[in-house]
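The structure appears below as structure tokens.
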Amino acid sequence: RFWKVRFKDSPRYGRYTGPKHCRKPLTNFKLKNGNWTVSVMFVPCQDGEKVDWNGTSLILPCVSVGNVGQLAMDLLISTLDLHKVARLHSDCVLPVVGNDPFSEKSDTCSLMTAVEVFGSKTHKIVAVQQRSPVITGKKKLFTEQLLKWIKECNFQKVIVLTSTHSHERIDSQLIGCQ
């Protein structure tokens with residue numbers, strides 16, 4: 001038995017041929033404007049782990065000038081000793097994989113992916129580390145997917161870390177308290 005899924009950029013149908021225990025309808029596929037799209041898929045690191053982030057603060061980096069948001073997020077994750085709790089998967093983000101920069105043991109092999117979720121119950125913080133940019137032409141869709149996930153998680157605050165070129169600021173932004 002196969003599930004036919006029509007992908008956004010392809011008129012062909014794909015067939016799922018994976019393991020039998022994984023042959024179930026893909027619930028994260030949605031029909032939008034006559035095309036199938038994938039929503040952000042939350043993949044917990046521990047099987048069956050339930051997460052309740054009601055009332056916590058979400059911190060997101062923005063891939064921008066000098067990767068300042070991402071570097072600040074790395075510093076925040078390592079300083080507050082946040083633990084990896086999940087990965088976010090979206091077809092809107094360029095895939096990337098590499099060695100985990102937060103791996104504490106040199107003899108173990110741990111991998112990082114494009115978008116990872118870190119958290120701390122004591123600090124009531126959830127941090128998303130995005131290591132690759134959004135695919136050109138899919139920024140709006142990724143924003144919609146991310147916003148939907150944020151609303152589902154019921155975060156109390158959302159903080160975005162970003163940067164900009166100094167020549168893009170106006171004079172009134174350069175004077176006084178920053």
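Gain in length, residue 167 to residue 111, computed as 0.36 nm per residue apart minus the alpha-carbon separation, to one decimal in nm?
Answer, rounded to one decimal: 16.4 nm.
Would you mind computing Rg(Cα) / (2.2 N^0.38 Å) for region 117-175, counting N as its residues?
1.49
Averaged per residue, what accessible surface does region 47-178 expose to a 1.4 Å probe, in Å²?
The answer is 64 Å² per residue.
What order, most packed first, do the peptides 75-82, 121-128, 110-117 have when packing is the mean number of other Cβ atoms within 10 Å of each residue?
Final packing ranking: 110-117, 121-128, 75-82.
Can you give the Rg and Dmax of region 39-178 based on its C-alpha atoms, in angstrom?
Looking at region 39-178, its Cα Rg and Dmax stand at 16.1, 52 Å.
Starting from the Cα of residue 154, step 7 Å along the direction of its Cβ; do the same at residue 78; then give the gap between the two resulting points in nm.
Roughly 3.6 nm, to one decimal.
How large a share of the accessible area of region 90-178, in percent, is made up of carbon and sulfur atoms when the probe is 1.4 Å and the other protein chains stay in place?
Of all accessible area on region 90-178, carbon and sulfur atoms account for 57 percent.
The values are calculated or read from the model by the stated rules, or taken from the named source; none is laboratory data. Everything numeric here is computed off the predicted structure, so don't read it as measured data. Note that each Cβ is placed from the backbone with ideal geometry, even for glycine, and that neighbours are counted across all protein chains shown. Calculation scope for accessible area: heavy atoms of the full protein, side chains included, ligands and nucleic acids excluded. Shrake-Rupley method; radii C 1.70, N 1.55, O 1.52, S 1.80 Å.
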